[in-house]
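Notes follow the structure.
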């Protein structure tokens, strides 16, 4: 086949692939029960078609039936609604829409994890491993920060799997609707641990004592610090840090000495020499307090443990998403055109065990032929290993995933 013939065939396969996916999406939307947001007639809607050129924004719908008719007619690649409420949601400019408030949104995405692309391309379980990390962060965001520190009611929250590589958290409590962008970014700073003063996270039982030098006590008074962990039920970051360090040290107390040292050295800032000097007791609070320097100042080991706890307790939502009061967010039960999976609403318990590649797939197991555009692996029940240029037969749900990811095309009959 000539080079021109190959290019034409490739173009035809791309077009056929897009038409196939669009038709599958249209069929899905013709029967799915949509989950529309509160006051959905006051929301702006936006859609991205399969050509991928321009977002069709500034749309509004008067009924759920109208929305479903649009989706089943056009089968868009992506479907979004605004986090904001407007008086005139279909007005062509933001100024003319007349903003009335906005939900508070958090977007946590595995793409922000270092080496995410490498993990996805080299490990068939890579997707699920990345998603487990984001699941844990989403759970901490909701359970520890939103329900815990900020005392929101669970009925005012909605958690969704994004359909791609992350999770969205919507807060619709009346107290957040009129928050400024700056105030919303401040909330992100809080959950990411930005600006925390490490010594303020610890209890400082300072006391005055006479200055001593070479065994001689002088009348001059000096302040002796004594840093310890707050009670584990303490509010805010002080409680987060106390619980995390106590759990870590309690776990160390169950290990042999070699394992204790190895776990301590694994913490950034703790050297083997420092680890050897740390005595681990059954009383985790006492273990931490005994790490203080002789003069009571915060030791390097204590500081390193606090830094570890801050890093591991922090969650990292996409700040621009939270701060944007005009943002568009994915419609629950809609399809993600980059994966073919559904945007699934979850409660806090199902979030912990949710497996996207099993529970967010909506297409069937009938076999289709696809051509690999790039080598890739994914585990969906079993491992599917694509080799670039090869044609293979896979279940429809697997093929749609690869095609939506841009990793394969639908093959033409020859």
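Quick rundown of the values:
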| item | result |
| --- | --- |
| Ranked packing of 22-34, 88-100, 340-352, 324-336, most packed first, by mean Cβ within 10 Å | 324-336, 340-352, 22-34, 88-100 |
| Using a Förster distance of 45 Å, the FRET efficiency for residue 19-residue 63 (Cβ separation, nearest 0.05) | 0.95 |
| Global geometry of segment 328-414, whether rounded, prolate or oblate, following the gyration tensor of its Cα atoms and the 1.5 cut on a/c | prolate |
| For segment 320-363: rounded, prolate or oblate by the Cα gyration tensor [a/c cutoff 1.5] | oblate |
| Residue 149 versus residue 203: modelled label distance in nm, points set 7 Å from Cα along the beta carbon direction | 2.1 |
| The chain: most fluctuating residue of 242, 259, 376 per GNM, C-alpha cutoff 10 Å | 259 |
| Between helix 181-191 and the chain: long-axis angle, C-alpha atoms, 0 to 90°, nearest 10 | 60 |
| Three-way shape call for segment 121-206 based on the alpha-carbon gyration tensor, with the a/c threshold at 1.5 | oblate |
| Principal-axis tilt of helix 3-31 within the chain, Cα atoms, nearest 10 degrees | 80 |
| Inverse mean reciprocal Cα-Cα distance (Kirkwood Rh) of the chain, Å | 24.8 |
| Fewest-first ranking of 170, 11, using other Cβ atoms within 10 Å as the exposure measure | 11, 170 |
| C-alpha long axis of helix 236-252 to longest principal axis of the chain, angle in ° | 80 |
| Residue 93 versus residue 365: modelled label distance in nm, points set 7 Å from Cα along the beta carbon direction | 5.7 |
| Residue with peak Gaussian network fluctuation, the chain [Cα springs, cutoff 10 Å], from 303, 69, 366 | 366 |
| Efficiency of FRET between residue 283 and residue 54 - r from beta-carbon atoms, R0 56 angstrom, step 0.05 | 0.35 |
| Mean Cα-pair separation over length for segment 1-148, i.e. relative contact order, pairs under 8 Å, 6 or more apart, % | 19 |
| 199, 17, 254 arranged by Cβ crowding within 10 Å, fewest neighbours leading | 254, 199, 17 |
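Each reported figure results from applying straightforward, stated rules to the coordinates on display, with no laboratory input. Owing to the predicted nature of the structure, the values given are computational and were not obtained by experimental measurement. Note that each Cβ is placed from the backbone with ideal geometry, even for glycine, and that neighbours are counted across all protein chains shown.
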